[in-house]
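The values are calculated or read from the model by the stated rules, or taken from the named source; none is laboratory data. Computed from a predicted model, the values in this text were never measured in an experiment. Here the Cβ is made from the backbone with ideal geometry for all residues, glycine too, and neighbour counts use every protein chain on show. Accessible surface is based on the protein model in full, side chains and every heavy atom, while ligands, DNA and RNA are left aside. Shrake-Rupley method; radii C 1.70, N 1.55, O 1.52, S 1.80 Å.
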Amino acid sequence: MIKKLIRSILGKKKKDPTQPLILGPKQHGINPQLVSPNAVRVTKTLQDNGFKAFIVGGAVRDLLLGVKPKDFDVATNATPEQVKRLFRRAFIIGKRFQIVHVMFGQELIEVTTFRGASSDGSPKDEHGRVLRDNTFGEQHEDAVRRDFTINAMYYDPATESVLDYHGGIDDIRAKTLRIIGEPEARFREDPVRMLRIVRFAAKLKFTIDPATRAPIPVMAALIDNVPAARVFDEMLKLLMSGHALACLQQLRKEGLHHGLLPLLDVVLEQPLGEKFVTLALANTDVRVQQGKPVSPGFLFASLLWHQVLEKWTAYKAAGEFPIPALHLAADDVLEAQTDKLALQRKIASDMRDIWAMQPRFERRVGKAPYKLLEHLRLRAGYDFLLLRCASGEIDSEIGEWWTGFMEGDGSERELLLAQKPKVAAEAAPAKKRPRRRGSRSGAKGVNTGSSAGGRGNDEQGGQ
């Protein structure tokens with residue numbers, strides 16, 4: 001009774017932040033068979049050479065949730081140079097913070113040195129974003145530097161123990177996302193954390209802690225200061241997470257979509273646009289969850305299609321021929337997105353091919369359909385056509401015709417060709433006007449040759 005009275009007066013003893021909660025196998029329940037043998041090999045090699053080494057971050061979170069992680073990261077007190085010397089295929093990368101990529105065939109294990117307490121002398125931009133920080137430190141300091149409590153746990157395969165510095169195991173059990181430290185300062189250090197917490201909330205179906213959520217609407221504009229390539233990488237992870245639709249809905253809910261894909265606000269307020277994007281994202285999610293490949297080009301072609309469609313219609317109304325009008329519309333949309341999303345050239349090329357095939361599906365006479373069957377991106381273009389049909393943008397008859405043509409034998413194809421005359425959409429405009437940007441259209445014309453991909457016709461099946 002006296003001890004309880006003393007504790008109630010003095011308060012509960014504050015936990016030492018340098019000492020983790022250590023959980024044994026029975027307490028955490030991790031299945032060792034879900035752990036990558038190569039990740040175990042990396043930790044063992046480092047430990048055998050006198051270093052500390054743990055599997056860390058999202059991999060530990062997924063293991064605690066009973067999910068096999070896609071990627072494994074290792075944290076150690078060895079410096080990048082020391083790590084590199086221990087492995088035959090190891091490469092030091094990174095400017096903001098150096099890490100080591102250790103390769104085992106196609107599997108990559110990312111090894112980071114424990115990060116020290118953030119230095120006030122670290123270079124920052126005018127908004128407080130850390131530009132470069134290669135300060136190494138102790139394990140408890142490294143735990144403080146991690147973003148969310150559920151990502152700040154360390155697993156030692158040798159002892160099968162989990163080290164938890166910030167109550168991550170309790171937050172996992174409570175399905176709560178909580179940032180480590182003062183939320184506003186942590187988001188200011190790295191605004192991408194706001195996108196990450198949205199992705200985790202949607203993917204894991206976790207609730208964002210109120211204190212963590214509070215500054216997000218106010219600080220959302222800071223994402224504009226992050227390099228476009230880094231924002232693109234995070235958006236790609238979000239869209240290919242298997243929960244893309246939920247992620248975009250969460251982005252809008254938190255007010256983070258402005259500046260990333262601002263056109264989505266316009267599209268999602270239009271019935272046809274909303275249905276088209278919803279169908280595209282839902283199909284993508286299904287493919288990811290089934291372990292099937294997904295083309296980033298197809299995904300972004302879907303998200304930007306209604307902007308292309310709007311400009312394409314405008315160019316045709318101004319007297320441009322349909323095909324050049326589509327090229328010009330694609331140019332306009334891709335140029336507008338380049339600065340914001342840093343679309344890679346290969347992805348942009350795939351997007352152009354998918355868009356350029358759409359009017360070609362209208363040519364259902366003569367040899368045109370047979371020529372289109374030879375296109376390397378046919379499957380992606382066909383799947384895109386079916387999305388247009390399903391959303392109500394175009395008559396479903398054209399999708400049914402192409403399904404029959406692609407699946408039919410020679411005689412069936414000839415019957416289909418005999419049934420459908422050339423559609424009016426292919427007719428030239430009544431008044432031909434000179435191309436104001438003809439040279440540009442020619443320079444950036446859609447590539448329908450072999451450089452279109454090499455992804456194969458089966459990659460996008462089911463999209």
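How long are the semi-axes of the equivalent ellipsoid of segment 19-174, taking √(5λ) for every eigenvalue λ of the Cα gyration tensor, in whole Å from largest down?
24, 21, 14
How much accessible area per residue does segment 182-294 have, in Å², with a 1.4 Å probe?
41 Å²
For Ala214 and Gln290 in one chain, what is 0.36 nm times their gap in residues minus the Cα-Cα distance, to one decimal in nm?
Using 0.36 nm per residue and subtracting the Cα-Cα distance, I get 23.8 nm.
Determine, for each peptide in 224-234, 174-184, the mean count of other beta carbons within 10 angstrom over its residues, then list the peptides with the highest first.
Descending packing order for the listed peptides: 174-184, 224-234.
Averaged per residue, what accessible area in Å² does segment 19-174 show with a 1.4 Å probe, protein chains only?
Dividing the accessible area of segment 19-174 by its residue count gives 48 Å².
What distance in nm separates the two pseudo spin-label positions at Glu107 and Glu414, each 7 Å out from Cα along the beta-carbon direction?
5.5 nm
When the accessible area of segment 182-294 is split by element with a 1.4 Å probe, what percent falls to carbon and sulfur?
56 percent
In nanometres, what is the gap between the two model label sites at Asp16 and Glu397, each 7 Å from Cα along Cα-to-Cβ?
The modelled label-to-label distance comes out at 8.0 nm.
Classify segment 187-239 as rounded, prolate or oblate from the Cα gyration tensor: take a ≥ b ≥ c as the square roots of its eigenvalues, call it rounded if a/c is under 1.5, otherwise prolate when a/b beats b/c and oblate if not.
Oblate is the answer for segment 187-239, as a/c is 1.5 or above yet b/c matches or exceeds a/b.
With each pseudo-label sitting 7 Å past Cα toward Cβ, what's the Glu138-Lys237 distance in nm, one decimal?
A separation of 2.9 nm, rounded to one decimal place.
For Arg363, which sequence-distant residues (separation of 5 or more, or a different chain) have an amide H within less than 5 Å of its own amide H, given hydrogens modelled in the peptide plane?
none
Got a sec? Which residues in segment 15-50 would a label at Lys68 touch, if it sits 7 Å along Cα→Cβ and we count backbone N under 15 Å?
Residues 31-39 qualify, since their backbone N sits under 15 Å from the label point.
Leaving out ligands, DNA and RNA, what percent of the accessible area of segment 19-174 is carbon and sulfur, probe 1.4 Å?
Solvent-exposed carbon and sulfur of segment 19-174 make up 49 percent of the total.
Translational D (Stokes-Einstein, µm²/s) of segment 182-294 at 20 °C and 1.002 mPa s when Rh comes from the Kirkwood sum over C-alpha pairs?
My calculation gives 147 µm²/s for D.
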